[in-house]
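Below is one structure, written out as structure tokens; comments come after it.
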Amino acid sequence: MREIIPLEHGRTQARLASGVELAMRETQDFITSRSQLLWGEHCSECSAPACYAACDFYTPRADGHCRRFEGGMVAHDVAGLGPAAALEIRFRRWGKLEAKGPAKPVSKDTARRREKAAAALETLAGDWSLTPLARRFAWVMNRVLRGRGADRARQFEGVLIEGMSLDGAVRNFTLSLSPLDKRAVGLFQTHIQLTPDWSRHFIPLGDIAGSLDLDLPRLISLEPVGEAAGIHVLFGFCDLVTLSPAGRAAFMPKALAPSSAAKRAKVVVWDLDHTLWDGTLAEDGIEGLTLKPKVRELIAELDARGVLQSVASKNDPGEAEAALRHFELDSYFLTPQASWGPKSQALHTIANHLNLGLDSFVFVDDQAFEREEVAAGCPGVVTRDALLIDQLLADPLFDLPVTPESRKRRALYRLEADRAVAAATFGGDGYEAFLRDCRLQITLERLSEANLERIFELSQRTNQLNIAATRFLREDLVQLMRDQTREVLAVRCQDRFGDYGLIGTVVWAPERGEINDFFMSCRVQRKKVEAALTAWLAQEARAKGAKRLSVRWRKAARNGAAAELFLALGFHWRKESDVAGFLLHDLAAPIDGAEIVAVQDARELSRAAP
């Protein structure tokens, strides 16, 4: 259902092609109830109403808001479903669809009656000649339609979206759910792809609930990936739903039931025999093996998304390594484990080498026994059947952006292994001497278009060293670039072994010494980077007249390490509640080890960067 706008596109267009109508009516057989979200046209760069006077792309609708779709949302009639069951949209630059919760479940019949009533009200508003009165009427009715009683989000089973591309191209969208209150923590995002053929996409509520408090009022958006201008699509059903038995069979097969946490995978561990290749290495030999179709492309795509990969196989180590070299896959895998012991032990070994928690691992094997053994021995690891690896990239666990940093992640971990070997030569008591020998340096630059995507990615990936558990939307970062009250620092790091890339972000108000957000990659933890960065922040705050550094902390499932990091630097704790507080530091107090890491201030250079 769409928002009511006076004096505009209230007329329903001709009915759709019979095949599309048939598919939409079939969708109704998959659901028992829905939320009937009220969708409207919005701008991904919006700072309304201030931007209306300054933006060259501002085009007013009848209600004064900005037109982001050519001709608005054009409604199509579907027999038996209502006069606005499908919405045709031609996007302008920065256009996106947006809706708000809460919205309680309603039956299919009730939803159809409301759709007809909303269409009649839109026609009434469009026929009025008194524009101010029509605007007021539309505003009131949208409020009524949007806030229909108490939210019961947890009664739904997921989000169902259907549609197609009308311009002949494959069109990608990002579906985002976030709290309306910007101070609240939580963000869920996934990709939706529309092709020239009608398609349906179902996102289980269990995947969403791990990233977002569903008891809070929320914002839901569908935004094109990349340039929006010219994208021409048709959306049908876009709603939270409860499923019928037919719907559960269609959208929630047992093998792909929602994982217990809607997290993002950091590591995939592969079995080899009958998983990556057909055949058994010990029996058939290398020449008797055949690499499975599209496996090479799958591994390369996961690598590009920054997902680390390893092997846990019951095979002779030398033979397994030779087979991986034969298929030219060996370079993709970090610390591969081939032995005849339990695979759960292999996963523990891999996790220790990579210094990553097992709850960020996915294990893929063709044998149910091996999957169950790993699940029992490694709680938190997600297991997947090798028969379904062609569906792996569509799993929300791997819904990760491809960035220059993600493409380099495997190489960065190989460099870390080189550092570990070098550190061992200094002995147990020579760690600080080793760090000095590494010639560590951090470079500080401003948030800019050049680093925005990496900062967005880092906020999505960082769990332990994320002081406020913040998951930034891209539009949040765009707004921060314009914010005159706060500064966003992007932190890069390098040493004599190589470049760590962009490893941290600070959002703060230097003249007040207030750090609102701080997140940093675990790759540089315990290397005095945090000490050098904090000492620089203290010096900058003191120069701006601040009396102390204050770090806002919000509790999340795994960010206790962030608070411990600042406590180890000499901060003291001021508790506000069990889930929030501040970490405070006297600007006159020294920070041990800060001199080990050099700091380069490149903010003016990053300001001038394109």
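The values are calculated or read from the model by the stated rules, or taken from the named source; none is laboratory data. As the structure is a computational prediction, the values presented were derived from the model and not from experiment. Every residue, glycine among them, receives a Cβ derived from its backbone with ideal geometry; neighbour counts consider all protein chains shown.
Restricting the search to the stretch 219-241, which residues are under 24 Å from residue 179 (Cα atoms) and touching a helix residue (DSSP H, G or I) at 6+ places or on another chain (Cβ under 8 Å)?
Answer for the stretch 219-241, where residues must be under 24 Å from residue 179 (Cα atoms) and touching a helix residue (DSSP H, G or I) at 6+ places or on another chain (Cβ under 8 Å): 237, 240, 241.
What residue, of 497, 519, 456, 472, is aromatic (Phe, Trp, Tyr) and touching a Pro at 6+ places or on another chain (Cβ under 8 Å)?
Working: 497 fails: touching a Pro at 6+ places or on another chain (Cβ under 8 Å); 519 fails: touching a Pro at 6+ places or on another chain (Cβ under 8 Å); 472 fails: touching a Pro at 6+ places or on another chain (Cβ under 8 Å).
Testing whether each residue is aromatic (Phe, Trp, Tyr) and touching a Pro at 6+ places or on another chain (Cβ under 8 Å) leaves just 456.
Okay, residues lined up against (1) of a type outside the set (A, V, I, L, M); (2) over 30 Å from residue 499 (Cα atoms); (3) out of contact with any Cys (no Cβ under 7 Å at 6 or more places or on another chain):
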residue	(1), (2), (3)
521	yes, no, yes
527	yes, no, yes
531	no, no, yes
539	yes, no, yes
544	yes, yes, yes
553	yes, no, yes
570	yes, no, yes
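Could you check how many residues of the stretch 191-211 are in contact (Cβ under 8 Å) with a residue 60 or more places away in the chain and either outside the structural domain of residue 169 (by TED's automatic domain parsing) or assigned to a helix (DSSP H, G or I) (or both)?
Matching residues across the stretch 191-211 total 1.
Here is a list: 240, 222, 214, 177. Which entry is in contact with a Leu (Cβ under 8 Å, 6 or more places away or on another chain) and part of a loop (DSSP other than H, G, I, E, B)?
From the options 240, 222, 214, 177, the qualifying one is 214.
Can you name every one of the helices (runs of 4 or more DSSP H) wholly within the stretch 354-472 that holds 1 or more residues which are of a type in the set (A, V, I, L, M), touching a residue at least 12 places away in the same chain (Cβ under 8 Å) and under 28 Å from residue 490 (Cα atoms)? Spell out the reasoning first.
On the way: elements: 368-377, 404-424, 431-438, 452-461.
The qualifying helices (runs of 4 or more DSSP H) are 404-424, 431-438, 452-461.
Six or more apart or on different chains, Cβ atoms under 7 Å: show the pairs whose first residue is in the stretch 588-600 and assigned by TED's automatic domain parsing to the domain that holds residue 439 and surrounded by 13 or more Cβ atoms within 10 Å (Cβ to Cβ) and whose second is of a type in the set (Asp, Glu) and outside any loop (DSSP other than H, G, I, E, B).
596/432
Assess whether residue 573 counts as being more than 26 Å from residue 436 (Cβ to Cβ) and free of Cβ contacts under 8 Å to residues at least 24 places away in the same chain. Quick ask: steps written out before the conclusion?
Values: more than 26 Å from residue 436 (Cβ to Cβ): yes; free of Cβ contacts under 8 Å to residues at least 24 places away in the same chain: yes.
Criteria met by residue 573.
Could you pull out the residue among 610, 590 that is within 19 Å of residue 446 (Cα to Cα), out of contact with any strand residue (DSSP E or B) (no Cβ under 9 Å at 6 or more places or on another chain) and either in a loop (DSSP other than H, G, I, E, B) or modelled with pLDDT of 95 or more (or both)? Before the answer, list the steps.
Working: 590 fails: within 19 Å of residue 446 (Cα to Cα).
On inspection, the qualifying residue turns out to be 610.
When residue 417 is evaluated against the numbered criteria (1) crowded, with 17+ Cβ neighbours inside 10 Å; (2) farther than 22 Å from residue 403 by Cβ, which criterion, by number, is the only one it fails?
(1)
Could you check how many residues of the stretch 464-521 are farther than 24 Å from residue 439 by Cα, modelled with pLDDT of 90 or more and among the small types (Gly, Ala, Ser)?
Looking only at that region, the number is 2.
Kindly establish whether residue 526 is assigned to a loop (DSSP other than H, G, I, E, B), surrounded by fewer than 18 Cβ atoms within 10 Å (Cβ to Cβ), in the same structural domain as residue 455 (by TED's automatic domain parsing) and within 23 Å of the chain's Cα centre (by Cα).
Values: assigned to a loop (DSSP other than H, G, I, E, B): yes; surrounded by fewer than 18 Cβ atoms within 10 Å (Cβ to Cβ): yes; in the same structural domain as residue 455 (by TED's automatic domain parsing): yes; within 23 Å of the chain's Cα centre (by Cα): no.
So residue 526 fails the test.
Conditions: (1) small (Gly, Ala, Ser); (2) surrounded by fewer than 13 Cβ atoms within 10 Å (Cβ to Cβ); (3) within 16 Å of residue 515 (Cβ to Cβ). Residue 560 meets all but one. Number of the miss?
Result: residue 560 fails condition (3) only.
Residues that are over 24 Å from residue 415 (Cα atoms) and either out of contact with any helix residue (DSSP H, G or I) (no Cβ under 6 Å at 6 or more places or on another chain) or not assigned by TED's automatic domain parsing to the domain that holds residue 336 (or both): does the stretch 351-368 have at least one?
Yes, some residue in the stretch 351-368 is over 24 Å from residue 415 (Cα atoms) and either out of contact with any helix residue (DSSP H, G or I) (no Cβ under 6 Å at 6 or more places or on another chain) or not assigned by TED's automatic domain parsing to the domain that holds residue 336 (or both).
Name the one entry in 445, 453 that is on the phi < 0 side of the Ramachandran plot, buried (at least 21 other Cβ atoms within 10 Å of the Cβ), modelled with pLDDT of 85 or more and of a type in the set (Asp, Glu). Before you say what the answer is, go through the steps one by one.
Numbers: 453 fails: buried (at least 21 other Cβ atoms within 10 Å of the Cβ).
Result: 445 is the single residue among 445, 453 that is on the phi < 0 side of the Ramachandran plot, buried (at least 21 other Cβ atoms within 10 Å of the Cβ), modelled with pLDDT of 85 or more and of a type in the set (Asp, Glu).
Quick one: residue 297 ticks every box in (1) modelled with pLDDT under 90; (2) not in a loop (DSSP other than H, G, I, E, B) bar one, so which box is it?
Exception for residue 297: condition (1).
List the number of the failed condition for residue 387; all other conditions in (1) under 12 Å from residue 312 (Cβ atoms); (2) hydrophobic (A, V, I, L, M, F, W, C); (3) surrounded by fewer than 17 Cβ atoms within 10 Å (Cβ to Cβ) hold.
The failed condition is (1).
Every residue in the stretch 539-564 that is under 25 Å from the mean Cα position of the chain (by Cα) and not charged (D, E, K, R), please.
Residues of the stretch 539-564 that are under 25 Å from the mean Cα position of the chain (by Cα), as a first pass: 551-563.
Across the stretch 539-564, the qualifying residues are 551, 553, 556, 557, 559, 560, 561, 562, 563.
Looking only at the stretch 218-239, which residues are under 19 Å from the mean Cα position of the chain (by Cα) and surrounded by 15 or more Cβ atoms within 10 Å (Cβ to Cβ)?
Matches in the stretch 218-239: 218, 219, 220, 221, 222, 223, 224.
Within the stretch 359-373, identify whether any single residue is of a type in the set (Gly, Ala, Ser), over 20 Å from the mean Cα position of the chain (by Cα) and within 14 Å of residue 267 (Cα to Cα), and answer yes or no.
Going through the stretch 359-373, the residues of a type in the set (Gly, Ala, Ser) turn out to be 360, 368.
Checking the rest, the ones that are also over 20 Å from the mean Cα position of the chain (by Cα) come to 368.
Still in the list and also within 14 Å of residue 267 (Cα to Cα): none.
No: the stretch 359-373 contains no residue that is of a type in the set (Gly, Ala, Ser), over 20 Å from the mean Cα position of the chain (by Cα) and within 14 Å of residue 267 (Cα to Cα).
Out of all the residues in the stretch 225-237, which are in a strand (DSSP E or B) and not hydrophobic (A, V, I, L, M, F, W, C)? So that I can check it myself, show each step before the final result.
Of the stretch 225-237, the ones in a strand (DSSP E or B) are 232-237.
232, 236, listed by residue number.
So is residue 544 out of contact with any Leu (no Cβ under 6 Å at 6 or more places or on another chain), touching a residue at least 60 places away in the same chain (Cβ under 8 Å) and surrounded by fewer than 20 Cβ atoms within 10 Å (Cβ to Cβ) or not? Outline the logic, then answer.
Values: out of contact with any Leu (no Cβ under 6 Å at 6 or more places or on another chain): yes; touching a residue at least 60 places away in the same chain (Cβ under 8 Å): no; surrounded by fewer than 20 Cβ atoms within 10 Å (Cβ to Cβ): yes.
No; evaluated as a whole, the condition is false for this residue.
Can you tell me how many residues in the stretch 287-339 are among the β-branched types (Val, Ile, Thr) and farther than 14 Å from residue 267 by Cα?
Of the stretch 287-339, the ones among the β-branched types (Val, Ile, Thr) are 290, 295, 299, 307, 311, 335.
Imposing the further condition that a residue be farther than 14 Å from residue 267 by Cα reduces the set to 290, 295.
The qualifying residues number 2.
Of the residues 98, 115, 88, only one is surrounded by 17 or more Cβ atoms within 10 Å (Cβ to Cβ), modelled with pLDDT under 75, assigned by TED's automatic domain parsing to the domain that holds residue 33 and not hydroxyl-bearing (Ser, Thr, Tyr); which? Step through it out loud before you land on a result.
Working: 98 fails: modelled with pLDDT under 75; 88 fails: modelled with pLDDT under 75.
When all the criteria are applied, what remains is 115.
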